[in-house]
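Please treat every number below as a calculation from the coordinates, not as lab data. All values reported here derive from a predicted model rather than from experimental measurement. A quick note on method: Cβ atoms are made from the backbone with ideal geometry, for glycine too, and the neighbour counts reach across all protein chains shown.
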Amino acid sequence: MFNSLNWQDVLTSAIQAQLALMVQQLQRLMYQPVPEKQLVRIECPFPAIHLQGFLAAQNCRERAFWRDREGDHAIAVLGYSWSQALSCRQDLASAFASAHKILSHLPEHTDSHCLCYLSFADDEASIWPAFGYGRIILPLLELVETRKGTVLAVNLRSDNALEYHSSIRKALEIISALNFSQQLPEADFTFQVAGYQPDVSVWHQLVDKARQAFASGVLDKVVLARVTCLKLAGHLSPFSLLYPWQQANPHSYQFLFQGQGQTFFGCSPERLVKRLENIISTEALAGTIVRGQNLFEDAQLASLLMSDGKNIHENRLVLDDICHRLQPMCQSLEADRSHCVVKLHHIQHLRYQIRGVLNLDVCDQQLLDVLHPTPAVGGVPREEAFSFIAANEPCPRGLYAGVCGIVGIRKSDFSVAICSARLAGNVLMLYSGAGIVKDSVADEEWSELDNKIATVLDILDRQQATTLPAQARQCVDSNDYAAFS
């Protein structure tokens with residue numbers, strides 16, 4: 001029987017052995033002719049490891065992570081074999097076409113994917129400069145975890161000899177610098193809530209403005225966002241927050257992407273759309289209430305949510321809009337006959353599930369064009385809600401309420417990037433939003449925003465050090481907010 005120390009030694013030896021085999025294969029390729037196909041993928045089995053802990057231990061500048069909602073598919077990325085930055089929505093078609101063309105050079109049985117992220121909107125004022133509007137990424141070195149096991153893979157671009165050999169050398173450099181630790185970093189930080197954008201008084205003004213727009217017939221619903229700014233002292237690893245976040249809300253997507261000195265990450269319960277061949281599934285997730293303190297209270301609150309007119313109306317607006325947009329693209333489309341409740345750690349939502357069979361000529365880019373952003377994060381009518389948000393929200397949404405997912409030939413899967421955070425230096429920004437309709441009450445919606453970030457704050461409370469350095473007690477001023485806009 002192994003003790004824990006011996007088991008770690010055995011696992012490290014197994015990891016080193018598989019990496020050594022990968023290095024041998026890569027070194028042999030340096031002396032072989034450049035393949036005719038534009039993409040070569042090398043795979044070898046790998047021990048089951050803690051993917052987030054492993055990524056956290058690496059110093060690679062290009063890291064990313066994605067896990068699906070069912071826990072069937074996770075990808076840990078070190079280095080980019082190819083990536084394409086997107087400056088606006090119009091870039092989606094060419095970028096997705098490029099991704100599909102690259103992936104088409106792999107054998108049919110190979111189920112490889114690109115990762116991607118997109119912002120909520122593409123006007124300059126809405127975009128975070130560190131991330132741009134979006135990016136599509138083909139991993140260079142990736143660990144892919146499925147129900148079948150874990151695979152170590154290297155994707156080598158081979159458009160020409162220079163690029164091919166450069167990819168091989170870059171992969172070898174990443175492997176040679178790997179740290180074999182799988183432990184999430186120990187917490188060595190403290191934090192305090194340093195402010196909100198908008199603050200509560202401005203929030204009341206925004207809700208009043210929205211209600212005026214409802215009364216005039218301009219809007220039926222608009223989703224308003226809030227940024228909760230935390231000032232950190234010490235060091236917070238986003239991986240050390242992401243992992244317990246998913247443990248608290250296990251039926252959620254996980255995603256993490258790095259920009260220029262910033263990290264965007266989150267644990268979202270909401271699917272935008274999943275495609276398997278030409279079968280799609282999506283959902284209307286809108287309407288929120290808190291969880292109960294015990295089973296009886298929880299059931300009572302769920303029953304209240306199921307019958308609450310305001311929340312049912314909000315959810316129905318989302319359902320009708322999604323179905324209306326998808327109908328022309330589908331051979332068949334159906335939704336649940338009634339809504340159900342999705343339970344998270346601190347809150348519960350109303351949900352309708354939607355399923356369809358696509359017309360044969362419909363592609364991923366067209367799905368994103370019609371669905372993103374849904375009324376669950378934007379509003380109804382779509383363009384009018386967009387205009388209201390752009391004119392009134394004080395902080396750019398960037399990737400919040402955008403899209404994070406994977407793009408493939410056989411399968412694609414996109415989440416709505418809610419329940420998310422952005423780490424930039426010693427500032428952590430938590431994002432939440434509330435759907436405003438004609439019956440909304442500003443104070444109740446503000447409380448909903450608090451409930452939506454309560455899980456993250458609870459985790460941070462448990463993790464943080466016991467003493468708070470004096471410098472961490474300083475509030476964040478307007479210049480701090482400007483630095484991360």
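Details
- Cβ crowding within 10 Å, taken as a proxy for footprinting-reagent exposure, orders VAL370, VAL273 from fewest neighbours to most as VAL370, VAL273.
- SER176 versus ASP308: modelled label distance in nm, points set 7 Å from Cα along the beta carbon direction: 5.9 nm
- Amide H to amide H distances under 5 Å link SER432 with ARG226, THR228, where only residues 5 or more positions off or on other chains count and H is placed in the peptide plane.
- The slack between ALA85 and LEU162, meaning 0.36 nm per residue of separation minus the straight C-alpha distance, is 25.5 nm.
- Interchain or long-range residues, amide H under 5 Å from LEU39's placed H: SER158
- Note on VAL193 and GLU334: the extension gain reaches 46.4 nm, defined as 0.36 nm multiplied by sequence separation minus the Cα-Cα distance.
- Per-pair calculated FRET efficiency, R0 = 30 Å: LEU276 and ALA48 via Cβ, rounded to 0.05: 0.75
- Pair VAL34, GLN205: separation of 7 Å Cα→Cβ label points (nm): 5.9 nm
- J(HN,Hα) series, segment 126-142, from Karplus relation 6.51 cos²θ - 1.76 cosθ + 1.60, nearest Hz, glycine and proline x: 8, 9, 7, x, 5, 10, x, 6, x, 7, 10, 10, 9, x, 7, 10, 9
- Neighbourhood net charge (10 Å Cβ-Cβ; Lys/Arg +1, Asp/Glu -1) for HIS113: -1
- Summing +1 for each Lys or Arg and -1 for each Asp or Glu among the other residues whose beta-carbon sits under 11 angstrom from that of ASP91 gives +1.
- For GLU383, the shell of other residues with beta-carbons less than 15 Å away shows a net charge of -2, using +1 for Lys and Arg and -1 for Asp and Glu.
- Contour minus Cα-Cα distance for ASP111 and ARG169 (0.36 nm per residue): 18.4 nm
- Part-to-part distance (alpha-carbon centres) for segment 180-211 and segment 48-120, which is given in Å: 28 Å
- Net charge dipole size for segment 50-123 [Lys, Arg +1 and Asp, Glu -1 on Cβ; Debye, nearest 20]: 220 debye
- Computed over segment 122-180: relative contact order in percent, which uses C-alpha pairs under 8 Å that are six or more apart: 21 percent
- FRET efficiency estimate (nearest 0.05) - Cβ-Cβ, ASP458 to GLU124, R0 30 angstrom: 0.25
- For segment 1-134, the normalised intensity computed at q = 0.09 Å⁻¹ comes to -0.40 (log10 of I(q)/I(0), Debye sum over alpha carbons, equal scatterers, no solvent).
- In this simple spin-label model, placing a label point 7 Å from the Cα along the Cα-to-Cβ direction at both GLN293 and ALA248 gives a separation of 1.9 nm.
- Prolate/oblate/rounded call for segment 58-195, Cα gyration tensor, a/c under 1.5 rounded: oblate
- Of TRP245, SER307, VAL77, farthest towards positive along the dipole that unit charges on Lys, Arg, Asp, Glu beta carbons give the chain: VAL77
- Cα-centred dipole magnitude for the chain, charges only on beta-carbon of K, R (+1) and D, E (-1), debye, nearest 20: 800 debye
- Charge dipole (debye, nearest 20) of segment 191-248; +1 at Cβ of Lys and Arg, -1 at Cβ of Asp and Glu: 20 debye
- Pairwise FRET efficiency - GLU186 versus ASN59, Cβ, R0 = 22 Å, nearest 0.05: 0.80
- Leading residue at positive end of dipole, segment 202-297 (Cβ point charges), from GLN205, LEU285, GLN258: GLN205
- Normalised by the number of residues in segment 385-444, the mean separation of alpha-carbon contacts (under 8 Å, six or more apart) gives a relative contact order of 20 percent.
- Computed over the chain, relative contact order equals 21 percent, with contacts defined as Cα pairs under 8 Å that lie 6+ residues apart.
- Lysines whose Cα lies under 22 Å from that of LYS411, excluding same-chain neighbours fewer than 8 positions away: LYS37, LYS101, LYS148, LYS274
- Legend: P(r) of the chain from all alpha carbon pair distances, 20 Å bins from 0, whole percents, reading 23, 56, 21, 1.
- Residue order, fewest to most surrounding Cβ atoms within 10 angstrom, among GLU173, GLU283: GLU173, GLU283
- Bridgeable aspartates and glutamates around LYS221 (alpha carbons under 12 Å apart, same-chain partners fewer than 8 residues away excluded): GLU314, ASP321, GLU383, GLU384, ASP439.
- In straight-distance terms, cross-link reach from LYS231 covers every one of the lysines whose alpha-carbon lies under 29 Å from its own, apart from those fewer than eight places away in the same chain; here that gives LYS452.
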